[in-house]
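K.L.:
Structure in structure tokens, see below.
The values are calculated or read from the model by the stated rules, or taken from the named source; none is laboratory data. All figures in this text were calculated on a predicted structure; none of them were measured in a lab. For neighbour counting, all protein chains shown are included, and Cβ atoms are generated from backbone atoms with ideal geometry for every residue, glycine included.
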Amino acid sequence: MKKLITFLLVSFLVTTKLLATPYTIAEASGTSGAQIATDISTAVSAGNTDIIIQLENGGTYGILGTDAIAVPAGVTSLTIYAAPGIMPTFNCGAFITFADAGVMTRITIDGVKAVTTAGTSKALIACTSGTYPLGVTIQNSYVTGFRYVIRASTTPTAELLNGITVNNNIFKSMDVFLTGFTCIINTQTYTNNTFLDTNGGVLIDYRTALNAGMNFTFSNNTIYSLSTPNIGTGGLIRLAGNPTTGTYTISRNIIASGSVQTYAVGNYQAYANLNFATSYTTNNITYTAKGFTNIQSYTSGIATLAPGYATYDLTIGDATFPGKSSCGDPRWYYIAVTPSVASLSGFSYNEGSGPSASQSFTVSAVALRAAITLTAPTDYEISTDNSAFSGSLSIGTAGSDLAATTVYVRLKAGLSFAAYNNETIAISTTGLSDKTVACSGNVSNGTTSINNQANSKNITVKGSEIFLYGAANVTVVNATGVVVKSLSNVNRVSLNNLPKGIYIVKSGNEVLKVSK
């Protein structure tokens, strides 16, 4: 009978889900959680049960420490979502609460920064009754300050048949991710996440009887604490017993610390079937009992593994680390972009002509997370084929290395007489500070009079002295295009303190080339 009731309930939920049309509520920045809950109630009263709450990119919502979205009865699916861009911030106590999930099939949080007051016992998703949604998805989000992420304060009576999916998030200053459940959760998947300063609790607290259908995955996660314990006496994973049934995949994780730490346990028990053979821990962490099976120790130290660790930048900096592009949260994978030169110089042409002849350099990369964008400075342009030049280029693709690729550079046509020095090409990609290549050149006048013999109408040269007819502004540029003098409202300029060489003297529309 119990199985029949469960079957009928699931059939009803699936049918309801298929028939429901998603109803989107666009919430403006500044809206409180209470108002969003009211908007959901209004939508449900109008017959809408599959609700999408769309937040503004960069918006700010809620009230820190007290606000929440209290989900009304009748909602079959709730998605709180923001399009890719500047993540909106939702200040709250708990984020989502409900007394009875009723027929809800899934809660989804996607692309949201959820913030509560650190040090409290708040939960991101809190259930205070005996039913819970049949699935929870948290992805592409930043969650900070919550003691719990998913919490049932009353033991749920319904299974989370569709399971828990947690992907591509950062969780900071939390204690326990999952707690309060003794019902079966058929699938739990935790991938590509970073857990920061987790305060020493049990990260995954799942104490129900294990079943043959259980599918548990904990892969490509980075767990890091600057100074406080990140996996304390509670352990990383707490199960009801040794997992002898079901499928458990623990792979390619990194557990790191910014300080020396000793923990009593690795997992809550010495689980024989949880194998950490492809995962790493930094060598400043010591587990004294119930450790991880076969976990590897990274022996070179946290400062080598992640040079930015003190500021929570966990980008892997060790090119020799075997897991540099496969272990931990992929957002921290090792990445390198290398231009072949730091600078190029000697670009030139005569005023009224141009562009200059091109020069080139190469760019190579390892483990790109996104394409490389090259942006030329104002007076230069770039190309990959030495034919079609523009102000920007894109090379390489995410998830791959980049073999040395030639980039051509030239000084733009149509520039005025002047020096164009130390203008930088920016080389940018996700996960790495910009690299630069500095470019220097000049546009000359092309006047051929030399040896102080030819004088213009308003400029006279006598020895190493330049005389102007009336007070005027004057610029003196050397043969490499560097401005060596720039004076205002003068009628005489001396070259006595300059080395021997060719100089271009310009005042207003008058230009003269002289030699000293």
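K.L.:
Within the range 170-194, take every residue that is among the hydroxyl-bearing types (Ser, Thr, Tyr) and farther than 18 Å from ASN220 by Cβ and give me the one that is surrounded by the fewest Cβ atoms within 10 Å (Cβ to Cβ).
P.N.:
THR182
Condition check ((1) among the aromatic types (Phe, Trp, Tyr); (2) in a loop (DSSP other than H, G, I, E, B); (3) assigned by TED's automatic domain parsing to the domain that holds LYS113) across all residues:
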site: ALA43; (1), (2), (3): no, no, no
site: GLY47; (1), (2), (3): no, yes, no
site: ILE52; (1), (2), (3): no, no, no
site: ASN57; (1), (2), (3): no, yes, no
site: TYR61; (1), (2), (3): yes, no, no
site: THR66; (1), (2), (3): no, yes, no
site: ALA73; (1), (2), (3): no, yes, no
site: LEU78; (1), (2), (3): no, no, no
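K.L.:
Looking at this structure, is TYR349 modelled with pLDDT under 95 and either assigned to a strand (DSSP E or B) or in the same structural domain as GLY308 (by TED's automatic domain parsing) (or both)?
P.N.:
Judged against the criteria, TYR349 is a match.
K.L.:
Something else now. Identify all residues within the range 270-325 that are among the β-branched types (Val, Ile, Thr), at pLDDT 90 or above and surrounded by 14 or more Cβ atoms within 10 Å (Cβ to Cβ); write none if there are none. It would help to see each step written out before you state the result.
P.N.:
So the first thing to find is which residues in the range 270-325 are among the β-branched types (Val, Ile, Thr), and the list is 278, 281-282, 285-286, 288, 293, 295, 299, 302, 304, 311, 315-316, 320.
Still in the list and also at pLDDT 90 or above: 278, 281-282, 295, 299, 302, 304, 311, 315-316, 320.
THR278, THR281, THR282, ILE295, ILE302, THR304, THR315, ILE316 - these are the residues of the range 270-325 that are among the β-branched types (Val, Ile, Thr), at pLDDT 90 or above and surrounded by 14 or more Cβ atoms within 10 Å (Cβ to Cβ).
K.L.:
Let me ask something else about it. Out of (1) modelled with pLDDT of 90 or more; (2) in a strand (DSSP E or B), the odd one out for ALA126 is which?
P.N.:
(1)
K.L.:
Another question, then. For the range 244-264, which residues satisfy the criterion of being surrounded by fewer than 18 Cβ atoms within 10 Å (Cβ to Cβ) and touching a Leu at 6+ places or on another chain (Cβ under 8 Å)?
P.N.:
At the first step, the residues of the range 244-264 found to be surrounded by fewer than 18 Cβ atoms within 10 Å (Cβ to Cβ) are 244-247, 249, 251, 259-260, 262, 264.
The answer is THR244, THR245, GLY246, SER259.
Yes/no matrix, rows are residues, columns are (1) of a type in the set (Gly, Ala, Ser); (2) crowded, with 20+ Cβ neighbours inside 10 Å; (3) at pLDDT below 95; (4) over 21 Å from TYR132 (Cβ atoms):
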{"site": "LEU8", "(1), (2), (3), (4)": "no, no, yes, no"}
{"site": "PHE12", "(1), (2), (3), (4)": "no, no, yes, no"}
{"site": "ALA26", "(1), (2), (3), (4)": "yes, no, no, yes"}
{"site": "SER29", "(1), (2), (3), (4)": "yes, no, no, yes"}
{"site": "SER45", "(1), (2), (3), (4)": "yes, no, no, yes"}
{"site": "ASP50", "(1), (2), (3), (4)": "no, yes, no, no"}
{"site": "GLN54", "(1), (2), (3), (4)": "no, no, no, yes"}
{"site": "GLY58", "(1), (2), (3), (4)": "yes, no, no, yes"}
{"site": "GLY85", "(1), (2), (3), (4)": "yes, no, yes, yes"}
